[in-house]
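Written below as C-alpha coordinates is the structure these notes are about.
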Amino acid sequence: TGRVVVYSDAEKTLPLYEGRLEDGLLQGQGREYDEAGLLLYEGAFADGRREGKGTAYEAGRLLYEGGCAGGVQSGEGMAYYANSGVQYKGAFADGLYEGQGTAYDEQGVKLYEGGFAQGLYSGEGSLYPAENERIDAVFADGAPDGSIQWYKAGRLYYDGEADGTVPMGFGTLYTQSGKTAYVGRMANGTVDGAWLVTLTAEEFREALGESGTAD
(Lines give C-alpha, C1' and ligand atoms only; values in the text may rest on other atoms or scores of the structure.)
Protein backbone atom coordinates (compact mmCIF):
# COMPACT_ATOMS: atom_id res chain seq x y z
CA THR A 1 0.00 0.00 0.00
CA GLY A 2 1.23 3.47 -0.92
CA ARG A 3 3.15 4.91 -3.87
CA VAL A 4 5.46 2.32 -5.39
CA VAL A 5 7.41 1.24 -8.45
CA VAL A 6 7.34 -2.52 -9.07
CA TYR A 7 10.09 -4.08 -11.19
CA SER A 8 10.32 -7.44 -12.94
CA ASP A 9 14.08 -7.82 -12.38
CA ALA A 10 16.32 -7.70 -9.34
CA GLU A 11 18.45 -4.95 -10.92
CA LYS A 12 15.38 -2.70 -11.10
CA THR A 13 15.80 -1.86 -14.78
CA LEU A 14 12.47 -3.22 -16.07
CA PRO A 15 9.47 -1.59 -14.39
CA LEU A 16 6.12 -3.40 -14.37
CA TYR A 17 3.95 -0.64 -12.96
CA GLU A 18 4.09 2.44 -10.82
CA GLY A 19 1.53 4.47 -8.91
CA ARG A 20 -0.48 4.32 -5.72
CA LEU A 21 -1.43 0.87 -4.44
CA GLU A 22 -4.25 0.01 -2.10
CA ASP A 23 -4.24 -3.60 -0.93
CA GLY A 24 -1.93 -4.44 -3.81
CA LEU A 25 -4.09 -2.84 -6.55
CA LEU A 26 -3.40 0.33 -8.51
CA GLN A 27 -5.74 3.22 -7.73
CA GLY A 28 -5.84 6.64 -9.36
CA GLN A 29 -3.12 7.78 -11.76
CA GLY A 30 -0.47 5.23 -12.65
CA ARG A 31 1.62 3.56 -15.35
CA GLU A 32 1.89 0.03 -16.73
CA TYR A 33 4.89 -1.33 -18.68
CA ASP A 34 5.39 -4.31 -20.96
CA GLU A 35 7.93 -7.10 -20.37
CA ALA A 36 10.59 -5.06 -22.15
CA GLY A 37 10.07 -2.14 -19.80
CA LEU A 38 8.34 0.00 -22.43
CA LEU A 39 5.37 2.12 -21.40
CA LEU A 40 2.11 0.24 -22.01
CA TYR A 41 -0.47 2.52 -20.40
CA GLU A 42 -0.52 5.81 -18.54
CA GLY A 43 -3.69 7.08 -16.93
CA ALA A 44 -6.41 6.32 -14.42
CA PHE A 45 -6.88 3.01 -12.59
CA ALA A 46 -9.54 1.58 -10.30
CA ASP A 47 -8.93 -1.67 -8.43
CA GLY A 48 -5.98 -2.47 -10.69
CA ARG A 49 -7.86 -2.03 -13.96
CA ARG A 50 -7.80 0.80 -16.48
CA GLU A 51 -10.73 3.03 -15.59
CA GLY A 52 -11.17 6.61 -16.80
CA LYS A 53 -9.00 8.60 -19.17
CA GLY A 54 -5.66 7.27 -20.27
CA THR A 55 -3.19 6.65 -23.08
CA ALA A 56 -2.21 3.17 -24.32
CA TYR A 57 0.96 2.18 -26.18
CA GLU A 58 2.26 -0.84 -28.05
CA ALA A 59 5.99 -1.48 -28.45
CA GLY A 60 6.55 2.10 -27.34
CA ARG A 61 4.28 3.73 -29.93
CA LEU A 62 1.02 5.55 -29.31
CA LEU A 63 -1.95 3.19 -29.75
CA TYR A 64 -4.95 4.83 -28.09
CA GLU A 65 -5.93 7.77 -25.94
CA GLY A 66 -9.28 8.38 -24.34
CA GLY A 67 -11.69 6.71 -21.96
CA CYS A 68 -11.39 3.23 -20.48
CA ALA A 69 -13.74 1.04 -18.45
CA GLY A 70 -13.14 -2.45 -17.11
CA GLY A 71 -9.63 -2.39 -18.53
CA VAL A 72 -10.59 -1.73 -22.18
CA GLN A 73 -11.36 1.27 -24.40
CA SER A 74 -14.74 2.79 -23.58
CA GLY A 75 -16.29 6.21 -24.16
CA GLU A 76 -14.74 8.87 -26.38
CA GLY A 77 -11.25 8.24 -27.70
CA MET A 78 -8.80 8.04 -30.60
CA ALA A 79 -7.02 5.01 -32.07
CA TYR A 80 -3.76 5.45 -33.99
CA TYR A 81 -1.84 3.78 -36.83
CA ALA A 82 1.79 2.70 -36.46
CA ASN A 83 2.83 5.95 -38.19
CA SER A 84 1.02 7.88 -35.39
CA GLY A 85 -1.75 9.01 -37.73
CA VAL A 86 -5.30 8.91 -36.40
CA GLN A 87 -7.10 5.72 -37.44
CA TYR A 88 -10.40 6.40 -35.69
CA LYS A 89 -11.91 9.17 -33.61
CA GLY A 90 -15.19 8.68 -31.78
CA ALA A 91 -17.03 6.41 -29.38
CA PHE A 92 -15.82 3.04 -28.04
CA ALA A 93 -17.43 0.25 -26.02
CA ASP A 94 -15.79 -2.98 -24.82
CA GLY A 95 -12.68 -2.13 -26.81
CA LEU A 96 -14.52 -1.75 -30.15
CA TYR A 97 -15.81 1.18 -32.19
CA GLU A 98 -19.38 1.70 -31.00
CA GLY A 99 -21.59 4.73 -31.62
CA GLN A 100 -20.68 7.78 -33.68
CA GLY A 101 -17.20 8.08 -35.11
CA THR A 102 -14.90 8.83 -38.04
CA ALA A 103 -12.38 6.46 -39.67
CA TYR A 104 -9.28 7.58 -41.61
CA ASP A 105 -6.66 5.93 -43.80
CA GLU A 106 -2.94 6.09 -42.96
CA GLN A 107 -2.54 9.33 -44.94
CA GLY A 108 -5.22 11.03 -42.84
CA VAL A 109 -7.90 10.92 -45.56
CA LYS A 110 -11.42 10.42 -44.24
CA LEU A 111 -12.84 6.98 -45.14
CA TYR A 112 -16.15 6.96 -43.27
CA GLU A 113 -18.18 9.05 -40.88
CA GLY A 114 -21.29 7.89 -39.05
CA GLY A 115 -22.52 5.05 -36.87
CA PHE A 116 -20.57 1.99 -35.74
CA ALA A 117 -21.56 -1.24 -33.99
CA GLN A 118 -19.03 -3.79 -32.71
CA GLY A 119 -16.30 -2.22 -34.82
CA LEU A 120 -18.27 -2.17 -38.11
CA TYR A 121 -20.10 0.56 -40.02
CA SER A 122 -23.69 0.46 -38.80
CA GLY A 123 -26.66 2.83 -39.06
CA GLU A 124 -26.63 6.11 -40.95
CA GLY A 125 -23.26 7.10 -42.34
CA SER A 126 -21.18 8.39 -45.24
CA LEU A 127 -18.41 6.67 -47.19
CA TYR A 128 -15.70 8.64 -48.99
CA PRO A 129 -14.56 6.30 -51.81
CA ALA A 130 -12.47 8.88 -53.69
CA GLU A 131 -11.56 12.55 -53.66
CA ASN A 132 -14.67 14.76 -53.88
CA GLU A 133 -16.98 11.72 -53.65
CA ARG A 134 -19.39 10.73 -50.89
CA ILE A 135 -21.86 7.88 -50.55
CA ASP A 136 -24.66 8.31 -48.02
CA ALA A 137 -26.48 5.18 -46.87
CA VAL A 138 -27.80 3.13 -44.00
CA PHE A 139 -25.12 0.56 -43.13
CA ALA A 140 -25.28 -2.93 -41.67
CA ASP A 141 -22.32 -5.22 -40.93
CA GLY A 142 -19.92 -2.75 -42.52
CA ALA A 143 -21.67 -2.18 -45.88
CA PRO A 144 -24.59 -0.15 -47.28
CA ASP A 145 -27.86 -1.95 -46.71
CA GLY A 146 -30.26 -1.12 -49.56
CA SER A 147 -30.29 2.20 -51.38
CA ILE A 148 -27.47 4.74 -51.63
CA GLN A 149 -27.08 8.42 -52.51
CA TRP A 150 -23.80 8.94 -54.37
CA TYR A 151 -22.41 12.47 -54.70
CA LYS A 152 -19.57 13.65 -56.95
CA ALA A 153 -18.07 17.13 -56.53
CA GLY A 154 -20.96 17.98 -54.22
CA ARG A 155 -23.68 17.06 -56.76
CA LEU A 156 -25.97 14.06 -56.62
CA TYR A 157 -24.78 11.50 -59.19
CA TYR A 158 -26.87 8.42 -58.35
CA ASP A 159 -29.82 7.74 -56.07
CA GLY A 160 -31.25 4.27 -55.83
CA GLU A 161 -30.81 0.59 -55.06
CA ALA A 162 -27.35 -0.91 -54.75
CA ASP A 163 -25.43 -4.04 -53.92
CA GLY A 164 -22.99 -2.63 -51.40
CA THR A 165 -21.68 0.49 -53.16
CA VAL A 166 -22.43 -0.81 -56.68
CA PRO A 167 -25.64 0.56 -58.28
CA MET A 168 -27.86 -2.47 -58.79
CA GLY A 169 -31.63 -2.46 -59.22
CA PHE A 170 -33.85 0.57 -59.76
CA GLY A 171 -32.27 4.00 -59.54
CA THR A 172 -31.76 7.46 -60.98
CA LEU A 173 -28.65 8.91 -62.64
CA TYR A 174 -28.06 12.67 -62.82
CA THR A 175 -26.04 14.90 -65.13
CA GLN A 176 -23.43 17.35 -63.80
CA SER A 177 -25.98 20.12 -64.24
CA GLY A 178 -28.44 18.29 -61.98
CA LYS A 179 -30.80 17.05 -64.70
CA THR A 180 -32.29 13.58 -64.55
CA ALA A 181 -30.20 11.57 -67.03
CA TYR A 182 -31.74 8.14 -66.54
CA VAL A 183 -34.47 6.51 -64.46
CA GLY A 184 -34.57 2.73 -64.56
CA ARG A 185 -32.77 -0.51 -63.95
CA MET A 186 -29.06 -0.65 -63.15
CA ALA A 187 -26.80 -3.71 -63.47
CA ASN A 188 -23.29 -4.00 -62.05
CA GLY A 189 -22.92 -0.25 -61.70
CA THR A 190 -24.14 0.81 -65.14
CA VAL A 191 -27.37 1.19 -67.15
CA ASP A 192 -29.08 -2.15 -67.66
CA GLY A 193 -29.13 -2.40 -71.46
CA ALA A 194 -31.01 -5.71 -71.42
CA TRP A 195 -33.84 -4.00 -69.54
CA LEU A 196 -33.88 -1.00 -71.89
CA VAL A 197 -34.52 -3.11 -75.01
CA THR A 198 -37.71 -4.45 -73.42
CA LEU A 199 -39.24 -0.95 -73.28
CA THR A 200 -41.58 0.71 -75.71
CA ALA A 201 -40.37 3.87 -77.45
CA GLU A 202 -42.36 6.03 -75.02
CA GLU A 203 -41.02 4.17 -71.99
CA PHE A 204 -37.51 4.52 -73.37
CA ARG A 205 -37.90 8.30 -73.66
CA GLU A 206 -39.24 8.44 -70.10
CA ALA A 207 -36.22 6.47 -68.88
CA LEU A 208 -33.91 9.16 -70.31
CA GLY A 209 -35.52 11.77 -68.08
CA GLU A 210 -34.56 15.39 -68.80
CA SER A 211 -31.30 14.58 -70.54
CA GLY A 212 -30.56 14.78 -74.25
CA THR A 213 -28.55 12.33 -76.33
CA ALA A 214 -25.24 14.05 -75.55
CA ASP A 215 -25.92 13.89 -71.81
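The values are calculated or read from the model by the stated rules, or taken from the named source; none is laboratory data. This structure is a prediction, so every number in the text was calculated from the model and none was measured. Here the Cβ positions follow ideal geometry from the backbone for every residue, glycine too, while neighbour counts run over all protein chains shown. Surface accessibility is based on the protein's heavy atoms, side chains included, excluding ligands, DNA and RNA. Shrake-Rupley method; radii C 1.70, N 1.55, O 1.52, S 1.80 Å.
Could you list, in sequence order, the residues of segment 26-40 that are under 16 Å from Gly60 (Cβ atoms), open to solvent by less than 80 Å² (accessible area, probe 1.4 Å) and not hydroxyl-bearing (Ser, Thr, Tyr)? Explain how you work it out, then say what you get.
First pass over segment 26-40, keeping only residues under 16 Å from Gly60 (Cβ atoms): 31-40.
Next cut, open to solvent by less than 80 Å² (accessible area, probe 1.4 Å) only: 32-34, 36-40.
Once the filter is applied, which keeps residues that are under 16 Å from Gly60 (Cβ atoms), open to solvent by less than 80 Å² (accessible area, probe 1.4 Å) and not hydroxyl-bearing (Ser, Thr, Tyr), segment 26-40 yields Glu32, Asp34, Ala36, Gly37, Leu38, Leu39, Leu40.
Can you pull out the strands (runs of 3 or more DSSP E) entirely within segment 75-172 that have at least 2 residues that are at pLDDT below 95 and surrounded by fewer than 17 Cβ atoms within 10 Å (Cβ to Cβ)? Break it down stepwise before answering.
On the way: elements: 86-93, 96-104, 110-117, 120-127, 133-140, 143-152, 155-163.
Here the list reads 143-152.
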Qualifying residue in segment 196-203 (condition: open to solvent by less than 40 Å² (accessible area, probe 1.4 Å), among the β-branched types (Val, Ile, Thr) and not in a helix (DSSP H, G or I)): no
Positions within segment 32-50 being within 29 Å of the chain's Cα centre (by Cα) and closer than 21 Å to Ser74 by Cβ, in sequence order: Glu32, Leu39, Leu40, Tyr41, Glu42, Gly43, Ala44, Phe45, Arg49, Arg50
Matching residues, segment 55-74, being open to solvent by 20 Å² or more (accessible area, probe 1.4 Å) and closer than 15 Å to Leu40 by Cα: Thr55, Tyr57, Glu58, Ala59, Gly60, Arg61, Leu62, Leu63, Glu65, Gly71, Val72, Gln73
Residue under evaluation Gly28, criteria (1) more than 28 Å from Leu111 (Cα to Cα); (2) assigned to a loop (DSSP other than H, G, I, E, B), criterion not met: (2)
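Hey, does segment 116-137 have a residue that's among the aliphatic types (A, V, I, L, M) and over 19 Å from the mean Cα position of the chain (by Cα)? Steps first, please.
First, pick out the residues of segment 116-137 that are among the aliphatic types (A, V, I, L, M): 117, 120, 127, 130, 135, 137.
Okay, now just the ones that are also over 19 Å from the mean Cα position of the chain (by Cα), so none.
No; the residues of segment 116-137 include none that is among the aliphatic types (A, V, I, L, M) and over 19 Å from the mean Cα position of the chain (by Cα).
Give the residue that is nearest to Pro144 (Cα to Cα), with candidates limited to residues of segment 74-123 that are aromatic (Phe, Trp, Tyr) and in contact (Cβ under 8 Å) with a residue 24 or more places away in the chain.
As a first pass, look at segment 74-123 and keep what is aromatic (Phe, Trp, Tyr): 80-81, 88, 92, 97, 104, 112, 116, 121.
Next, only the ones that are in contact (Cβ under 8 Å) with a residue 24 or more places away in the chain stay: 81, 92, 116.
Details: Tyr81: 25, Phe92: 21, Phe116: 12 Å.
The residue in question is Phe116.
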Top-ranked residue of segment 4-25 - restricted to ones that are part of a strand (DSSP E or B) and among the hydroxyl-bearing types (Ser, Thr, Tyr), ranked as surrounded by the most Cβ atoms within 10 Å (Cβ to Cβ): Tyr17
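Here are some residues: Thr175, Thr180. Which one is surrounded by 15 or more Cβ atoms within 10 Å (Cβ to Cβ) and in contact (Cβ under 8 Å) with a residue 40 or more places away in the chain? Explain how you work it out, then say what you get.
Working: Thr180 fails: in contact (Cβ under 8 Å) with a residue 40 or more places away in the chain.
Within the list Thr175, Thr180, the selection yields Thr175.
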Only listed residue being within 24 Å of Tyr104 (Cα to Cα) and not β-branched (Val, Ile, Thr), chosen from Gln176, Gln149: Gln149
